[in-house]
Amino acid sequence: MKQAVYLFLILLSTMGGLWAQNSAQLRGRVVSEDGEPLVGARVWIPELKVGGYTNDKGIYSISRGISPGEYEVSATYFGYDTLTKEVLFQSNTTTVTVGFALKLIEVYTDAVEITSERKTGEIDKTKVDIGITSITPKEINLIPSLGSADLAQFLQVLPGVVFTGDQGGQLYIRGGTPIQNMVLLDDMVIYSPFHSIGLFSVFDPDYIRSVDVYSAAFPGQYGGRISSVIDIKSKNGSMKQFKAKGNISPFSAGALLEGPLAKGKNAGSGLSYLVSARNNFIDATSPTVYPYVNDSVGLPYNFLDIYGKLTATDGVNEANVFGFRHTDNVNFGFPADIGWEALGFGANFQLLPSTAGAIISGGLAYSDYQTQLTDVDSEFPRASQITGFNGNLKVGYIMNSVNEFNFGLNFLGFTTDYVFTNSFGLQSEQEASNTEAAIHFRYKQVIQEANGDKKPFQRAVIEPSLHMHFYNNQNFFSFEPRLRAKLNFPGLSLNLGWGLYSQNLLAAVSDRDVVNLFQGFLSAPEDLAFRVNNNTLQTASHYLAGVEAQVIPGVTTTVEGWLKSFTQLTNINREKLFPTDPNFITETGLAYGLDFIVKYQTRSTYLYLNYGLARVTRTDRLGPDQTPRTYAPVFDRRHTINLVAAYNLGRFSATDDDNRKVRPKFSESPWEFSLRWGLGSGFPFTQTQGYFEKLDFQDNGGQTDISTQNGQLGILLSDELNGGRLPYYHRLDLSVKRRWVFANKVLLEVVGSAINTYNRQNIFYFDRVRFEAVYQLPIVPSLGVTVKY
């Protein structure tokens, strides 16, 4: 770890001199008066005819064609007033930092949808976006939901994403298991991002700014996971005025408060706060509201999510302090009660030094997660805890408006404490502490071609990156090169991605379990009976290729082919019969597929459709007679179709994504209709061959009297692991919204929705002991009310 820190400091002290400037540089940040970054805002110097656009953090940089002198610089963004400032450049080596805080204006237009400077349906020729889905809060709110929208429900419709069930199901992304997905909130690692009732995540969408889902071949700034990354950024509290939101439904109630604590000298600067709380109480309401669910027992789930954030900014530089607490309880009684809680806090910053070309950011966070399962038939509970910290320091350069170079240092440490008793009464335990460090580099080069008097054509983008990860406890250094690239033609782009990945952490659940309510964590064990690689880590390589096409205006079509080779996987040995049997098994895996995606968006219509064809296999190294055995894991779904459609009956003009400060015209109708339909082929399962009386020969030193012992129910399974297939799954969700605006300040929104509208009996799993099918949710109608100020 020390070597990684030393190398990073050397790079930090010398990198700034690698790009000697032959012109002055203008850079800064464009935000709203609330302090939120404006993505895609244009910064322009009319006299020199040079400019650039802001990135996802609202940062811009113009470093070409600026000679010494004083110029007018303007910042523009649709829906906001243009702001112009006088800027003096004293020499060719001058770096000037200028921030813009744009004022929101009310815009009524029939021609343009308020999204960004780039038109909806156009291919972004400066970004390699294969394997990435960027989600906005507006899109999350389009999905029909039970009372309130949630990120978990939108993730389920993304290409390559498989969700195994509404109650205790898990999220699998392109062949990877939940523990192989890295989930980040403002760069803080979130160990348990979803509640036990799978309709909800721990993130209230009201404080989400953006979500980037990397489903394969993610770049070098991310490490420590071998399948995917869900990178969530939270918004800041308003720097301008007090705002509030409250919602209630039969499932949950929530509130969000935000506003300035102290206003700065400039618009968009000062000190602000944001507080969000959400409580799910479906366990109390469902026996009355939904008595037909689970034989009048209802849905025994409840959770509480609390999040808070303080932001200090001068409009360019920014510092944040944040914290959360999440609880989750499932009170089944039979067969078990499960509960978990998580808490964490952290701080981060972003600096644009006034005389240097670098963008410096960093953060440090601490979190604790603990869970326990109590089986009514066993005196031995299952328990797991993970406690740790993670931090980062990053330096970035934006060159010539579009080219970028970034490097940084990541570090983390965690302690795991795990106790588990399997169905045979054998107990497994582990206590371990781990530290890790990584250095990453990423370079992005946009290759341009002259296009006469027009704007240069962006012919290609190449984005090599490198992640070097040191696992201290394993004394292992993982060298992980990665590459993403794009080749552009008029109306068409070709993309590719590739990378190597590793991780230490593994889950205390088996890939063979259908229901995984108990989410324990372990570090890489040393007692592996078989190793594919010369280490105990889990490793994988990703391959990704795709085509983007703009068929007609407003429509984008994407075809993506992907392959993940899991060269070493570690799983809990749930088939352990004797104390001498290994606690873990080693597996390899292969996952590949093809996804077709179509997206259409206008000012009143949203349409999203994808079809996925995939196959996932695992090969274990502790099969019968110690020979490899290949099988399909429980999340192997061959065919998937997802359709999301939304239509606004009129033209409900909104000035921001939250629909605040709106005033519809008399001719407008603030009605919105949306639907989601999903279809998936059946999951694999192991068929039952018969039943027998299972005797315990481990009592009394193996001197058990079988003539007097009352054995337990034993189940004889097929020799072919997961050789059967469940029926197809399909479900239709509908919702309708009606909005009212009072005094141009208060927005009232009523949402009526229904999950599983045509009441399809989708099987979740088969209870072998009771010999009955367990189904996912039946039709569940809901009515939710939201008030915003």
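Summary of values
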{"read-out": "Hits in segment 277-299 - residues which are outside any helix (DSSP H, G or I), open to solvent by less than 20 Å² (accessible area, probe 1.4 Å) and touching a residue at least 24 places away in the same chain (Cβ under 8 Å)", "value": "ARG278, ASN280, TYR290, VAL293, LEU299"}
{"read-out": "Any hit, segment 538-557, residues being open to solvent by 10 Å² or more (accessible area, probe 1.4 Å), under 23 Å from the mean Cα position of the chain (by Cα), modelled with pLDDT under 90 and among the polar types (S, T, N, Q)", "value": "yes"}
{"read-out": "Every residue from segment 170-222 that is part of a loop (DSSP other than H, G, I, E, B) and of a type in the set (A, V, I, L, M)", "value": "ILE190, LEU199, VAL202, ALA216, ALA217"}
{"read-out": "Unique match (being open to solvent by less than 10 Å² (accessible area, probe 1.4 Å), at negative phi and out of contact with any helix residue (DSSP H, G or I) (no Cβ under 9 Å at 6 or more places or on another chain)) among THR177, THR136", "value": "THR177"}
{"read-out": "Segment 459-490: number of residues that are touching a strand residue (DSSP E or B) at 6+ places or on another chain (Cβ under 8 Å) and at pLDDT below 85", "value": "1"}
{"read-out": "Which numbered condition PHE764 fails, given (1) open to solvent by 80 Å² or more (accessible area, probe 1.4 Å); (2) under 30 Å from ILE248 (Cα atoms); (3) at pLDDT below 85", "value": "(1)"}
{"read-out": "Residue list for segment 196-222, filter: more than 14 Å from LEU304 (Cα to Cα), buried (at least 24 other Cβ atoms within 10 Å of the Cβ) and among the polar types (S, T, N, Q)", "value": "SER215"}
{"read-out": "Which numbered condition TRP740 misses (of (1) buried (at least 17 other Cβ atoms within 10 Å of the Cβ); (2) of a type in the set (A, V, I, L, M, F, W, C); (3) farther than 30 Å from ASN642 by Cβ)", "value": "(1)"}
{"read-out": "Residue pairs meeting the criteria (Cβ under 8 Å; at least 6 apart or on separate chains; first surrounded by fewer than 17 Cβ atoms within 10 Å (Cβ to Cβ), in segment 668-691; second of a type in the set (Asp, Glu))", "value": "GLN687/GLU720"}
{"read-out": "ASN534 vs. criteria part of a strand (DSSP E or B) and at pLDDT below 80", "value": "no"}
{"read-out": "GLY259, sole failed condition from (1) at pLDDT below 90; (2) assigned to a strand (DSSP E or B)", "value": "(1)"}
{"read-out": "Selection from segment 469-497 of residues that are of a type in the set (A, V, I, L, M) and within 30 Å of ASN534 (Cβ to Cβ)", "value": "LEU483, LEU496"}
{"read-out": "Cβ-Cβ under 7 Å pairs, at least 6 apart or on other chains, segment 29-49 side touching a residue at least 40 places away in the same chain (Cβ under 8 Å), far side assigned to a strand (DSSP E or B) and among the polar types (S, T, N, Q)", "value": "GLY35/SER272; GLY35/THR311; GLY35/THR313; LEU38/SER32; ALA41/THR76; ARG42/THR76"}
{"read-out": "Qualifying residue in segment 770-777 (condition: under 19 Å from GLY298 (Cβ atoms), among the polar types (S, T, N, Q), within 27 Å of the chain's Cα centre (by Cα) and at pLDDT below 90)", "value": "yes"}
{"read-out": "Residue in segment 347-357 that is small (Gly, Ala, Ser) and either within 27 Å of LEU713 (Cβ to Cβ) or modelled with pLDDT of 85 or more (or both) present", "value": "yes"}
{"read-out": "Residue check for TYR592: open to solvent by 30 Å² or more (accessible area, probe 1.4 Å), in a strand (DSSP E or B) and at pLDDT below 95", "value": "no"}
{"read-out": "Elements of type strands (runs of 3 or more DSSP E) contained in segment 64-106, each with 1 or more residues being open to solvent by 50 Å² or more (accessible area, probe 1.4 Å) and of a type outside the set (D, E, K, R)", "value": "83-89"}
{"read-out": "Restricting segment 300-314 to residues that are under 23 Å from the mean Cα position of the chain (by Cα), closer than 22 Å to PRO250 by Cα and without any contact (Cβ under 8 Å) to a residue 40 or more places away in the chain, the residue that is most open to solvent (accessible area, probe 1.4 Å)", "value": "ILE306"}
{"read-out": "Sole residue being in contact (Cβ under 8 Å) with a residue 12 or more places away in the chain and in contact with a Ser or Thr (Cβ under 7 Å, 6 or more places away or on another chain), chosen from ASP150, ASP166", "value": "ASP150"}
{"read-out": "Meets criteria (in a strand (DSSP E or B), in contact (Cβ under 8 Å) with a residue 40 or more places away in the chain and open to solvent by 20 Å² or more (accessible area, probe 1.4 Å)) for ARG225", "value": "no"}
{"read-out": "Hits in segment 261-276 - residues which are open to solvent by 10 Å² or more (accessible area, probe 1.4 Å) and in contact with a Phe, Trp or Tyr (Cβ under 8 Å, 6 or more places away or on another chain)", "value": "LEU261, VAL275"}
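The values are calculated or read from the model by the stated rules, or taken from the named source; none is laboratory data. Being a predicted model, the structure only gives us computed values, none of them experimental. Note that each Cβ is placed from the backbone with ideal geometry, even for glycine, and that neighbours are counted across all protein chains shown. When the accessible area is computed, the model is the full protein with side chains, heavy atoms only, and any ligands, DNA or RNA have been set aside. Shrake-Rupley method; radii C 1.70, N 1.55, O 1.52, S 1.80 Å.
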